[in-house]
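Here is the structure we will look at, set down as structure tokens.
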Amino acid sequence: ADKAGDGQKIALVGKSAGNAFFEIAAKAFKETAEAEGATVDVVYPEAATADAQIKVLDNLISQQPDAICISANDVNALQAKLEEAMDAGIKVSSFDSAPNKDSRQVFVNQAGTQAVGQALMDAVLDISGGEGQFAILSATSQSANQNAWIDAMKSIMEGDEKYSKLELVEVAYGDDEPQKSTDQTAALLQNYPDLKVICAPTTVGIAAAAKYLQDNESACKLTGLGLPSEMQEYTGDDDAHSCPYFYLWDMEGLGKLSAYATMALVKGDITGAEDETFTAGDMGEFTITKADDEGTEIVLGEPLQFTPDNVADYAKLY
Amino acid sequence: MAGKSGRSINNVPESPVKKMIFSWEGILVLLFIAVNIFCAMFSEYYNLSSLLRQMPVYLAEVFMMLPMAYILVLGEIDISVGAIVCLSATMSCIVCNANAPFIVVVITALGVGTICGAVNGFILTKFQELPPMIVTLATQIIFRGISEIVLGSGGSISASNTDGFRAIGGKIGNVPYILFLVVILSVIFAVILGKSTFGRRVYAIGTNRLTAYYSGVHVQKIRFIIYTIMGTVSGLCALFLVSSSYGANTTTGNGFEMDAIAMAVFGGISSTGGKGNIAGGFISAFIIVCLRVGLGQRNVNAQVILLIIGVLLIAAVALPNIIGNVKKAVSMKKN
Amino acid sequence: MSEYVLELKGITKIFPGVKALNNVQFQLKPGEVHALMGENGAGKSTFIKVITGVHKAEEGEMFLNGQKVDFKGPKDAQAAGIAAVYQHPTSYPHLTVAENIFMGHEIIKNRMIQWKAMNTEANKLLKQLDADFDATAEMGTLSVAQQQMVEIAKAMSTNARIIILDEPTAALTRSESEKLYTLVDKLKADGVSIIFISHRFEDMYRLASRVTVFRDSQYIGTYDVDGITNADLIKAMVGREIKDLFPKPEVKLGDEMLRVENLSRTGYFKDVSFEVRAGEILGLTGLVGAGRTETVEAVCGITQPDSGKVYLEGKEVHIKKPSDAMEKGIILLPEDRQKEGLIMSWGLGRNVTLPTISKYAKSGINDEKTERDLAKKLLEEVDTKAVDIFQPASSLSGGNQQKVVVAKALSQEMKVVIMDEPTKGVDVGAKAEIYAIMGDLAKKGYAIILISSEMPEILGMADRIVVMCNGHKTGELNRGEATQERILELAMEKGHTGGAE
Amino acid sequence: MEKKSVMKKITGSREALLAVVLIVLFVIITAINPSFLTPKSLMDMLKNNAVTMVMSLGMLCVMLVGGIDISIMSTLALSGMSIGMLLKYEHISSTFLAFVIAIAIGIVCGAVVGLIISRADVPPIIATMGFMYIYRALGYQVSHGGEWASAAALGNFKNFATTKFLGLNAVIWVIIVCYVFFFWFMKWTRTGRMIYAVGSNPSAAEVSGINVKNIKLLVYTIMGLLAGLGGALQVSVYASAMPDMQYGGEMDVIAACVIGGVSMNGGRGTVIGALLGSLILATIAKALPLIPFFNQLWLNTIKGVIILVVVVMNVILQRIADKNALKGREM
Ligand SMILES: Nc1ncnc2c1ncn2[C@@H]1O[C@H](COP(=O)(O)OP(=O)(O)OP(=O)(O)O)[C@@H](O)[C@H]1O
Ligand SMILES: Nc1ncnc2c1ncn2[C@@H]1O[C@H](COP(=O)(O)OP(=O)(O)OP(=O)(O)O)[C@@H](O)[C@H]1O
Ligand SMILES: [Mg+2]
Ligand SMILES: [Mg+2]
């Protein structure tokens, strides 16, 4: 049988070790690719910085794998190394967090930026009851993904009359540290006693905020992007829970799709150009589209909604 | 004239060769060879050309080891250097993107570094009571904070015109320029520390600050100079870092201070001041670089590599002490 | 029952490379004050530490009241009723006086330290010593002499039957020494036996009934103080005769070199003026804490005076740092040679050349050959007892360390040399040598300021004597008119407020 | 006369100066945002800074003997992660047991550090730098390379941080108990004073029969113990265990001590100082988001500037106090 990844050597580069969220995608990636006959090395840099990823890439270029699939710690900083890799004949795909368009051949996007922004905005609208103050609790002020989503939310809010009664009072940053996120959540409540909703598009932030709101039995509710296992405790429709529902994407699907895309890249089925199509095993056919940064991407789908009904099931997975 | 009692005091030093063989540097050379043999056996990709190709990113950190060695010899510490690298890299990218000629970019990187270093030096010499660790901790937060402000949301900048950075990242044959620069700088720093009056004074301050002061050593001036140079070299490091990433972000240079300190300490430069030399730091830097490259090529978990370095670091200092203690005990018994 | 409370036989103690004690013996009678004397490095302090269990002797045995004992550590000795005041103060600068006194045997009730009781007890002890500070004071803020008193109080607080004092008077002035003498007499009357180490003969004559002499790690002999002449004792100690302890040369005084006018520093000294001429030795004396050290440190730029002027060769100079002073030709040999004078872990050669390395460097790079030759020449000039210039300063005895400090000052052409207590803790042989060097310097035309608390030294060496008390200059005496009484009178002048009256 | 001595006391003690700094901070912040000075807000602040506050006590001991420990947050991660995994996989379920295990792991980690430092004479910064890497790596191993133990997996354990006792949160009680104990331990027990003695003059301590090596071992073990306790608190307060928790947080603990007047050369420092130092840092962390004037991007810079200003102010005040003390000296 002609398997999609026969004999291919693929390296998967994560943002940093110890991220449960990433582990799921990596695991799915590895299983999918190995089932197709490829070998996969999952490599983590020693810290969540671009500097550390550069060293990892250097090491990988020495090993000459067929492809590198990377979740980038910085949009720009990996360009020199990834170009070097591509010059050396290594295919470069990316997922989760993209390096700039010159540094990659294709990017597997977990969910379109617009789609995420839309989902979050609608959640805020719904949970607030259509009007009132809301705030955003993000990761760091420099997190590219988060900033893109927040910008999308802002433009959606301006673009549609139905959001006109909502007021975004502040974008706070918890640096993805539980302690700082807690301080920021408390500060939001202290500064805006009438705050109705906090939207936290980051896993650490949402968990910290959820805990704070729930422990304090706050009237303010929460939504955002989070891990089901982290959020299970706080998800519920009643007053005892702080988060009615939240979103994330299908991490397993992301890993799987990235694996198929990378293998297709190596095989030459795709080159990463716009409008190419390929089959991702049982996931069906995908088309490469233009990304916001003028590069190309493959969009996995809509964000997944986690509600009190399904959160327990997903929590077993991730 | 000889003393009244006619006593003569010997002033012929013992042969340096003998001293070298039994010194820590001697052991480090052996260890360097051993690490290379090990890596070559462990990783099929490990060879001179892969080493030379991968080295430049590490070498930027070796730069930092040089002035850090001076600071450690002073008995002090500077943990703001990673943040200085970040700020210099950021500023040089901004200047580069304003279409300035590359020489201006170079001057910016070095200049920003120098200013940051001078700020550290100024505070530390004006308020001598303050421990360097806490001052450089505060300036670390400030310097990185300023880059965060400058970079704004997005936290990242890429150099639009990369020609200059490509040029300094170039090679002669297989050998990157930066390797030559590291060697040249190491020699200069080694000679100044080991052979010059300045170096002698640095050791004096590190061993007994009060005596140095009473003996007319410009303690504060020397401290100021060293912290400033630490900043300048951080700027240099930033320049070469940008040449491998064509950009900067808020995490640039994170943890470099610890790497630089680890290299120096592993090379026998005591953190308590007054001991060690650049040669040791230089060899140990290459041991660490080779080890990281070799293990990394086999995708050994980054945490495990750090664990190994942690163990080496402790062993490097603990073993000679333990051996020394045992020796002392034995020789006491013999007597 | 033995006739001795403490007896040691055949003690040998080896440090890596040195035999500090070689088969020495010692006997202490009940209730006697026994002096232990000998050159610097003879092994006296080491011997004390062997007694108290700080060091373990390689050979030899020790008997306490006739019983053989074997101390594992200082705790055992303390428990056996032996207390020691070590040569180098073993105090805790950050803790209070009371804590220093009671460290290791705190007053404890219900597992809690009884601070009130400890402070009261400590104050009682301090009162006996006539101390002018409180038990709650922080040790680090006290002067050396005051710290010494605390150490003695500490020894007394253990109710020890044997008290060992290692050079307790080295940091004390005469009147303070008197206090100590009274105290020792009192202890003796209580039946306590005392071992007493000192380089000062006056101490021995005043206190001890017997004296044991060590030389070069060996036991030389034990003598009755009444039965031995001064000359014989010196001979036993240094192995040769010393004819003239104070070889003060007759020097024709030159021009005025240094003049200090109304120098003040808040809280330390006020309106101090004096001058010194080429070839002159100016003695600066007073009680401990009179502000002598602070004054000369301000002159040399170590600290900054608040007001006042300093003239060198008639021209006003502004000295901000010690290096300025040295460039202009003023050098200070600091009081604390271990902390301020020497880098103890460095070789002697490098210590000597530290102030002047830049002078014979070629474009910033040291000329090590010249440096070594110079170091050898200077160290031999002051007759240092050393094997080579590479041995660390810490391996020398106190007197020889002091000679190295002097050699440092000779490494460059100087106009004014200020020596702060240059003979503190230095044996009689080495003292004579340091005085001789001082005389030579004066002959060469140096202006010398000698700070000293030792009366004979000041009287023996100084051309002119400036006396300070409580931060003020209280008088100036010429060589001819100076007597011990006159100096003491000026040094204790209380309530003096500058030259106002 | 009476008044003068009060003034003297304030200018004469570092702790009093710090208390003044803290009060000034409180006043300024409250003036800008009155909601800062509410009981709820202050309780939040204490609870959210419990880890740093408790661990400052250990760092106080370590710094008193002239040492430093930068491995503490790795120890915290290792112990916290260990109990997290034990709870997650239901090897244990008792909160008490979890605390005991976390503390035990901390003690072992600290004792190993202490042994290396006291017996092999490795300078503390080097030894703890090594262990910072080692324990962090072990933490990752324990987490199976990156698993988290999150709220739902922690069972009853996380409730510890929400339990109230006599109107106060249990976490705050832990802080109080630790501080009261250490206040007693450092001031009123022989062992506590020995720690000061060793830091003040190690050779004197040796001569007076104190086992310096054991005291050093003890302080690093205490540090380890508190790091272990910190691990348990961290997991409990944030209901989540991750292998990279508190990465880099050791600097906050050290900064708290230094700001609190603990000398890095040993011998000087008090429990009150550590308390004030960590409170100042906690106040800054709590207050910065409450102050509306500046852009969120500026927070880090401002935090750095405040730390710098606080330490420099302290030096300047100290200098003024010293000068005044000298002026008062009669001559
Ligand atoms: N801890 C040590 N290690 C090595 N050598 C030592 C040590 N302590 C003392 N010595 C050496 O032992 C010898 C005796 O020293 P000791 O201090 O006993 O002399 P001392 O008679 O007390 O002299 P002083 O009058 O100067 O105090 C000296 O040569 C000294 O250098
Ligand atoms: N009244 C005082 N109260 C507290 N400390 C004092 C007082 N007077 C002086 N001191 C301190 O005692 C020390 C002795 O001062 P200084 O060294 O100038 O005097 P000195 O005459 O040289 O005495 P010494 O013989 O001890 O060298 C100084 O460090 C000073 O700070
Ligand atoms: Mg002695
Ligand atoms: Mg003095």
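The values are calculated or read from the model by the stated rules, or taken from the named source; none is laboratory data. Keep in mind the model is a prediction, meaning the values are calculated, not measured. Note: ideal-geometry Cβ built from the backbone for every residue, glycine included; neighbour counts use all protein chains shown.
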> Given the conditions (1) over 26 Å from A:G205 (Cα atoms); (2) within 17 Å of the chain's Cα centre (by Cα), and given that D:I175 satisfies all but one, which numbered condition is not satisfied?
Replying inline: (1)
>> Please return the ranges of strands (runs of 3 or more DSSP E) entirely within the stretch C:255-356 where 2 or more residues are surrounded by fewer than 18 Cβ atoms within 10 Å (Cβ to Cβ).
In response: C:256-265, C:269-277, C:307-312, C:315-317
> Looking at C:A137, is it more than 18 Å from C:L287 (Cα to Cα), away from ligand 1 (no atom under 16 Å from the Cβ) and crowded, with 19+ Cβ neighbours inside 10 Å?
Replying inline: no
> Out of C:K362, C:K408, which single residue is in contact with a Leu (Cβ under 8 Å, 6 or more places away or on another chain) and either more than 18 Å from C:I451 (Cα to Cα) or outside the structural domain of C:V144 (by the TED database) (or both)?
Replying inline: C:K408
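So that you can scan it fast, the table gives a plain yes or no per residue for (1) within 16 Å of ligand 2 (Cβ to nearest atom); (2) within 27 Å of the chain's Cα centre (by Cα); (3) more than 7 Å from every other protein chain (Cβ to nearest Cβ); (4) of a type outside the set (A, V, I, L, M, F, W, C):
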| residue | (1), (2), (3), (4) |
| --- | --- |
| C:I357 | no, no, no, no |
| C:R372 | no, no, no, yes |
| C:V387 | no, yes, no, no |
| C:F390 | no, yes, no, no |
| C:A393 | no, yes, yes, no |
>> Checking the conditions here, which among C:T90, C:T12 is modelled with pLDDT of 90 or more, on the phi < 0 side of the Ramachandran plot and either out of contact with any strand residue (DSSP E or B) (no Cβ under 8 Å at 6 or more places or on another chain) or buried (at least 17 other Cβ atoms within 10 Å of the Cβ) (or both)?
In response: C:T12
> When you look at C:V97, is it in contact (Cβ under 8 Å) with a residue 40 or more places away in the chain and either within 14 Å of chain D (Cβ to nearest Cβ) or within 27 Å of D:L64 (Cβ to Cβ) (or both), yes or no?
Replying inline: yes
>> Anything in the stretch C:397-436 that is in contact with a helix residue (DSSP H, G or I) (Cβ under 7 Å, 6 or more places away or on another chain), of a type outside the set (S, T, N, Q) and either without any contact (Cβ under 8 Å) to a residue 24 or more places away in the chain or within 15 Å of ligand 3 (Cβ to nearest atom) (or both)? List them, or say none.
In response: C:G399, C:G425, C:V426, C:D427, C:V428, C:G429, C:A430
> Just checking, how many residues over the stretch D:66-110 are within 14 Å of chain B (Cβ to nearest Cβ) and not in a helix (DSSP H, G or I)?
Replying inline: 6
> Wholly within the stretch B:168-247, which helices (runs of 4 or more DSSP H) include no fewer than the required count, namely at least 2 residues that are of a type in the set (K, R) and within 12 Å of another protein chain (Cβ to nearest Cβ)?
Replying inline: B:197-207
>> Considering only residues that are in contact (Cβ under 8 Å) with a residue 24 or more places away in the chain, closer than 26 Å to A:Y234 by Cα and surrounded by fewer than 16 Cβ atoms within 10 Å (Cβ to Cβ), which ones fall in the stretch D:154-196?
In response: D:N156, D:N159, D:L168
>> Based on this model, can you work out whether C:I197 counts as surrounded by 18 or more Cβ atoms within 10 Å (Cβ to Cβ), within 14 Å of chain D (Cβ to nearest Cβ) and either within 13 Å of ligand 1 (Cβ to nearest atom) or in contact (Cβ under 8 Å) with a residue 60 or more places away in the chain (or both)?
In response: no
>> Given the condition closer than 30 Å to A:A187 by Cβ, touching a Phe, Trp or Tyr at 6+ places or on another chain (Cβ under 8 Å), buried (at least 21 other Cβ atoms within 10 Å of the Cβ) and free of Cβ contacts under 8 Å to residues at least 40 places away in the same chain, answer yes or no: does some residue in the stretch A:295-306 qualify?
In response: no
>> Tell me whether the stretch C:437-456 contains one or more residues that are over 19 Å from C:V296 (Cα atoms), within 12 Å of chain B (Cβ to nearest Cβ), within 16 Å of ligand 3 (Cβ to nearest atom) and in contact (Cβ under 8 Å) with a residue 12 or more places away in the chain.
In response: no
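Residue-by-condition table, conditions (1) within 16 Å of ligand 1 (Cβ to nearest atom); (2) in a loop (DSSP other than H, G, I, E, B); (3) away from every other protein chain (no Cβ under 14 Å):
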{"residue": "C:I152", "(1), (2), (3)": "no, no, yes"}
{"residue": "C:N159", "(1), (2), (3)": "no, yes, yes"}
{"residue": "C:A171", "(1), (2), (3)": "yes, yes, yes"}
{"residue": "C:E176", "(1), (2), (3)": "no, no, yes"}
{"residue": "C:G191", "(1), (2), (3)": "no, yes, yes"}
{"residue": "C:M204", "(1), (2), (3)": "yes, no, yes"}
{"residue": "C:I220", "(1), (2), (3)": "yes, no, yes"}
{"residue": "C:K235", "(1), (2), (3)": "no, no, yes"}
{"residue": "C:L253", "(1), (2), (3)": "no, yes, yes"}
> Looking only at residues in the stretch C:21-41 that are more than 21 Å from the chain's Cα centre (by Cα) and closer than 30 Å to C:P392 by Cβ, which one is farthest from ligand 2 (Cβ to nearest atom)?
Replying inline: C:N23
> Inside the stretch A:9-50, can you point out the residues that are assigned to a strand (DSSP E or B), more than 21 Å from D:M242 (Cβ to Cβ) and at the interface with another protein chain (Cβ under 7 Å from one of its Cβ atoms)?
Replying inline: A:D41
> Can you name the strands (runs of 3 or more DSSP E) wholly within the stretch C:381-482 that have at least 3 residues being away from ligand 4 (no atom under 16 Å from the Cβ)?
Replying inline: C:472-478
> Considering only the stretch C:189-218, how many residues are over 20 Å from C:T423 (Cα atoms), within 16 Å of ligand 3 (Cβ to nearest atom) and of a type in the set (S, T, Y)?
Replying inline: 2
> What is the one condition in (1) within 13 Å of chain B (Cβ to nearest Cβ); (2) out of contact with any helix residue (DSSP H, G or I) (no Cβ under 9 Å at 6 or more places or on another chain) that D:W173 does not satisfy?
Replying inline: (1)
>> Can you go through A:N73, A:N109 and tell me which one is in contact with a strand residue (DSSP E or B) (Cβ under 9 Å, 6 or more places away or on another chain), within 10 Å of another protein chain (Cβ to nearest Cβ) and at negative phi?
In response: A:N73
> Got a number for residues in the stretch B:239-257 being under 17 Å from A:E46 (Cα atoms) and free of Cβ contacts under 8 Å to residues at least 12 places away in the same chain?
Replying inline: 0
>> Take the residues in the stretch C:50-83 that are at the interface with chain D (Cβ under 8 Å from one of its Cβ atoms) and not polar (S, T, N, Q); name whichever of them is nearest to ligand 1 (Cβ to nearest atom).
In response: C:V54
> Which members of the stretch C:84-94 meet the condition of being within 10 Å of another protein chain (Cβ to nearest Cβ), under 17 Å from C:G53 (Cβ atoms) and part of a loop (DSSP other than H, G, I, E, B)?
Replying inline: C:Y86, C:T90
> Are there any strands (runs of 3 or more DSSP E) wholly within the stretch C:1-83 with 1 or more residues that are within 13 Å of ligand 3 (Cβ to nearest atom), and if so which?
Replying inline: C:18-28, C:33-38
